[in-house]
């Protein structure tokens, strides 16, 4: 049975020179969800209805993804531009701040946005993405360098796009079902939907361009002053790309942080273990609890 709901509204917002697509449900304070690579808003399909009774939940297609605009210039995907997109979404929807939720690349944007616009983040929730300073420290270790081989591969021209597209986007299936601990977490329909999003004209290069700017030191050079924003980090322990050790010491960058580890779970934590993720978010936001099967 599909989790997609008829009362989810699809809309667009114009901000920072781009048109961004988003899905929304609910009313109230804003909960803004930012997806990772190679995902799009659909990766939040289990969270949108969960929190719509309490918030206006907005799951956006980041620039370059699915139905959002896809600027051709590589420089359009530097972190500063992504931060401006988030600012524009919040203000464009008529809000002054939000509960900001991010996974993978969306989490990296969320971390940076919280540091640059702390007044616009009421609470921060990040899933399987370390603090940017911790990630850069991790790249000084051979273990994390080996885990992050794909980042360096994505610096090449043309080849990453060809690799992702080959054999009917086989890489999309491989990266989701291959990395997942629970192989049933992604149905054939899910994989097809993710492939369709990646196949949108211009999407592949746009998606890879996030990585092609990852070492751009001219963009958002923070001094990483300690965040004074209540923060929840949720971490699937079996993430093969980002080691659990990247979470250690995050307290150095955040005054108030909770870290919840989920065993037997991959990088795709909110899709593979949605009940756990939703429950931890509920507890963090002090919402009414739901029963969770262990």
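The values are calculated or read from the model by the stated rules, or taken from the named source; none is laboratory data. Quick caveat, the model's predicted, so the values are computed rather than measured. Here the Cβ is made from the backbone with ideal geometry for all residues, glycine too, and neighbour counts use every protein chain on show.
Some notes on this structure:
- In segment 5-19 there is at least one residue that is in a loop (DSSP other than H, G, I, E, B), at pLDDT below 95, touching a helix residue (DSSP H, G or I) at 6+ places or on another chain (Cβ under 7 Å) and more than 21 Å from residue 95 (Cβ to Cβ).
- Any hit, segment 106-120, residues being at positive phi and either buried (at least 17 other Cβ atoms within 10 Å of the Cβ) or touching a helix residue (DSSP H, G or I) at 6+ places or on another chain (Cβ under 6 Å) (or both): no
- Segment 57-74, residues that are touching a strand residue (DSSP E or B) at 6+ places or on another chain (Cβ under 7 Å) and in a loop (DSSP other than H, G, I, E, B): 61, 62, 63, 66, 67, 68, 69, 71
- Some residue of segment 146-159 being part of a loop (DSSP other than H, G, I, E, B), in contact with a strand residue (DSSP E or B) (Cβ under 6 Å, 6 or more places away or on another chain) and either free of Cβ contacts under 8 Å to residues at least 24 places away in the same chain or closer than 24 Å to residue 19 by Cβ (or both): no
- Tabulated pairs, segment 18-37, first under 25 Å from residue 204 (Cβ atoms), second at pLDDT below 95, C-beta under 8 angstrom, 6+ apart or interchain: 23/8
- Restricting segment 253-274 to residues that are in contact (Cβ under 8 Å) with a residue 60 or more places away in the chain and outside any loop (DSSP other than H, G, I, E, B), the residue that is surrounded by the fewest Cβ atoms within 10 Å (Cβ to Cβ): 274
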